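Each value in this text was obtained by applying a stated rule to the coordinates, not by laboratory testing. The model shown is predicted, which means the values in this text are computed figures rather than measured ones. With ideal geometry, Cβ positions are generated from the backbone for all residues, glycine too; neighbour counts draw on all protein chains shown.
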Amino acid sequence: MARFVRWYGSRPLHLLVLIASFALTGYAMVRLFAVQPWEVAIWFVGAAILHDLILLPLYSLADLSALSVLRHRATDAPTVPWINHLRVPAFLSGLLLLVWFPLVFRLAVPYLGDTGLPDSVYLGRWLAITGVLFAASAMTFAFRLRRVRRGGRSDESPPASDDGAKP
């Protein structure tokens, strides 16, 4: 087992899950290309161009900006890694916007009969979900920071001497 981990870099379960995900992806690609080959190829090329040339530089710039703006903190205070408390809700909100942008921006033909909702509610609901995601993340960060600060105060007892007795 140790030889495999040295050779591969991880446990066998990781390799098994990776092979299974490649097999599932290959199966989906074969099925999709059998039905609409040109549409799928255009979609993949468009998604790669959109992601690699537009979205990746944008969210990398946003991440670097957040890191540089919020980096200045007191060094003596206990700290909690905070950047993921911004990244996760921003990612989830962006993913929801990516999936539902035609409805959020009223670009789709309304399908009131299917959902029972007019097209005017999606923007407000997306904004509300985004607000809830960031608020939940902020609360999680506050609880983690509070726990670290409480733990830091309780560890302020003087260190023990070499013989184990307190001075």
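Things worth noting here:
- Counted over the range 75-153 with a bin width of 5 Å, the fraction of Cα pairs per bin, in whole percents, is 3, 14, 18, 15, 12, 10, 9, 6, 5, 4, 2, 1.
- Label-point separation in nm, ALA20 to LEU56, each point 7 Å along Cα→Cβ: 2.9 nm
- Calculated FRET value between VAL88 and LEU127, using beta carbons and R₀ = 22 Å, to 0.05: 0.80
- Kirkwood Rh and Cα Rg combined as Rg/Rh, the range 1-95: 1.14
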